[in-house]
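The values are calculated or read from the model by the stated rules, or taken from the named source; none is laboratory data. Everything numeric here is computed off the predicted structure, so don't read it as measured data. We place every Cβ from the backbone using ideal geometry, glycine too, and count neighbours over all the protein chains shown. Heads up: the accessible areas ignore ligands, DNA and RNA and are worked out on the full protein's heavy atoms, side chains in. Shrake-Rupley method; radii C 1.70, N 1.55, O 1.52, S 1.80 Å.
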Amino acid sequence: MKKSLVLVNLFLIIFQLSAEVKPVSSIQIIPQPNKITVADGNFQLTKDTKILYKGGDAAKPIAEKLAAKLSRSTGFQYAVSTSVAGKTSIIFVLDKKQEANAEAYKVSVKPKQIMVSASSAQGLFYGLQTLRQLFPAVIESENSTPTAWAIPCVQIEDFPRYAYRGLHLDVSRHFFDKKFILKYIDMMAMYKYNTFHWHLTDDQGWRIEIKKYPLLTKKSAFRTECSGDTTGGFYTQEDVKEVVAYAAERFVTVIPEIEMPGHAVAVLAAYPELSCSGGPFTVANTWGVFHDVFCAGNDKTFEFLENVMTEIVPLFPSKYIHIGGDECKKTRWERCIKCQARMKTENLADEHKLQSYFINRMEKFLQSKGKQIIGWDEILEGGASKTATIMSWRGIKGGIEAAKAGNYVVMTPGTHCYFDHYQGVESEEPPAFPHNRFLPLQQVYTFNPTPKELNADEAKYILGGQANVWSEYIPTTNQAEYMLYPRALAMIECLWSKTENKNYEFFEQKVHTHYLRMENYGINFSKSADRESTKIKWQSIQKK
Ligand code: TNX
């Protein structure tokens, strides 16, 4: 009896060991790399360590980024060069023969040399981010005195699961200044996000200078709150150029969103002739979905939007422009003579077809300027063109439908990607929300952008995923960071790491070491996930 128990136990232990993903706990990289092999020994960073680059000038700015970071955090002065190896060296190698995926990289840490290699500057940049996380967290602070920074010897080979790894920010409901946007992009780059979706327009504020329409920044960019205070702001075209260039240097593509045909009240407040009723309107100071939208029957609407896009397109090198398309009420169109006349002449059966007409017309215009469109999943209603990319937010249904129809898809379902929802137990979260949706860290971590309903061919249409930060109840940059972190760390592991390399317990451990990194970087992150009550609540949600 005893013997058999011992055998059963032995069997259980062996089974558990083999079934378990065995993370290497001294290496705490987020997102988890594909392959890590740890060896004995350390690399010691000293003031004499040389930083080198090889294989072309494109490697130089990456090497310089490390030199600048180390100079700031150690107080020593590091410069980069192409030759003179030191006793210890860190070398960045552009090697065209490596992995074809431009985002792939390798990091090899040996006692005398660290080598980061990739086939492109972007790959080297990601190698640099991984290396940064191998250094102690003090690398994120300024002028700390180095006490023999030792980096464990390791070999890492890595590339992302998805090509689209996005974070979104709504700057309409609350305006966030340029400085914050740059910090946002910094953190995105550190965690290997590559797309910033900038939600620039909505009912409560227009946020980008358009030279042809000065009222957009004079009037549409500001609203009067119920308290009587005026609030708002906007980015000049110079600001936008700076943000786009800053992002490009960090391999982040900026996709601007200009909302149409709905979420347009701020525009209508300045240009009421673009509505069905003629107004007057004021920039919205409450949240929700409004009846007044762009008139689809009026050619002036298209003239306006085309002129806006003519200024937008050259500012953003991204191949995509986001045209919104969500939550457009049809009530005004139903009663509008011009809209009804358009439906007749264009032979459109209903108002959903009119929305399709609207989006398709703008898509054609943007295509003539060399751009493709992305829209929220409502653009499927009434029929989307084959060339539109769909952002699936009302669950994954729209995304599945689109992928099956051969449209590219970015998955961003509310169940896993809405970072405006609570992450802890509601009553403990600041500030009080009028709704009680709940999205804890654990739930984000279960996100899989490729639904099992898709076969291998259809799955190719899933470009990746994105987390959205809607800002109705996020009035400050501090609050925005609180909502984002650490959930953005869970999200990136869903977008970068292979499913078999994900492990929540290990992730949770890594998040704790990253608290220090974020703290040193001046990020106001949340610790809600640590609360027992949050864990219990999540389990109860899971059971439902
Ligand atoms: C839905 S997601 C919206 C936004 C809101 C958000 C609040 C989407 C395309 N539209 O306008 O801010 O919900 O969670």
Scan region 125-150 for residues that are part of a loop (DSSP other than H, G, I, E, B) and of a type in the set (Ser, Thr, Tyr) and jot them down. 141, 144, 145, 147
Single unsatisfied condition, residue 179 versus (1) over 30 Å from residue 306 (Cβ atoms); (2) among the basic types (Lys, Arg); (3) open to solvent by less than 40 Å² (accessible area, probe 1.4 Å): (3)
Determine whether region 366-376 contains at least one residue that is within 15 Å of the ligand (Cβ to nearest atom), more than 22 Å from residue 331 (Cβ to Cβ) and open to solvent by less than 50 Å² (accessible area, probe 1.4 Å). yes
Given (1) at pLDDT 95 or above; (2) not assigned by TED's automatic domain parsing to the domain that holds residue 268, residue 201 misses just (2)
For region 293-306, name all the residues that are touching a Pro at 6+ places or on another chain (Cβ under 9 Å) and either open to solvent by 10 Å² or more (accessible area, probe 1.4 Å) or within 15 Å of the ligand (Cβ to nearest atom) (or both). 293
Considering residues of region 93-124 that are of a type in the set (A, V, I, L, M, F, W, C), assigned to a loop (DSSP other than H, G, I, E, B) and open to solvent by 30 Å² or more (accessible area, probe 1.4 Å) only, the residue nearest to residue 152 (Cα to Cα): 102
Cβ pairs under 8 Å, 6+ apart, first in region 473-490 and assigned by TED's automatic domain parsing to the domain that holds residue 174 and within 12 Å of residue 168 (Cβ to Cβ), second open to solvent by 10 Å² or more (accessible area, probe 1.4 Å) and in a helix (DSSP H, G or I): 480/180
Please go through region 159-194 and pick out each residue that is under 30 Å from residue 225 (Cβ atoms) and in a strand (DSSP E or B). 167, 168, 169, 170
Quick one: which strands (runs of 3 or more DSSP E) sit completely within region 308-423 and have at least 1 residues that are of a type outside the set (A, V, I, L, M)? 320-324, 372-376, 389-392
If you take the residues of region 210-261 that are in a loop (DSSP other than H, G, I, E, B) and touching a strand residue (DSSP E or B) at 6+ places or on another chain (Cβ under 7 Å), which of them is surrounded by the most Cβ atoms within 10 Å (Cβ to Cβ)? 220
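Are any residues in region 274-285 assigned to a loop (DSSP other than H, G, I, E, B) and either in contact (Cβ under 8 Å) with a residue 40 or more places away in the chain or under 23 Å from residue 306 (Cβ atoms) (or both), and if so, which ones? Outline the logic, then answer.
Pass one, region 274-285, residues assigned to a loop (DSSP other than H, G, I, E, B): 275-285.
The answer is 275, 276, 277, 278, 279, 281, 282, 283, 284, 285.
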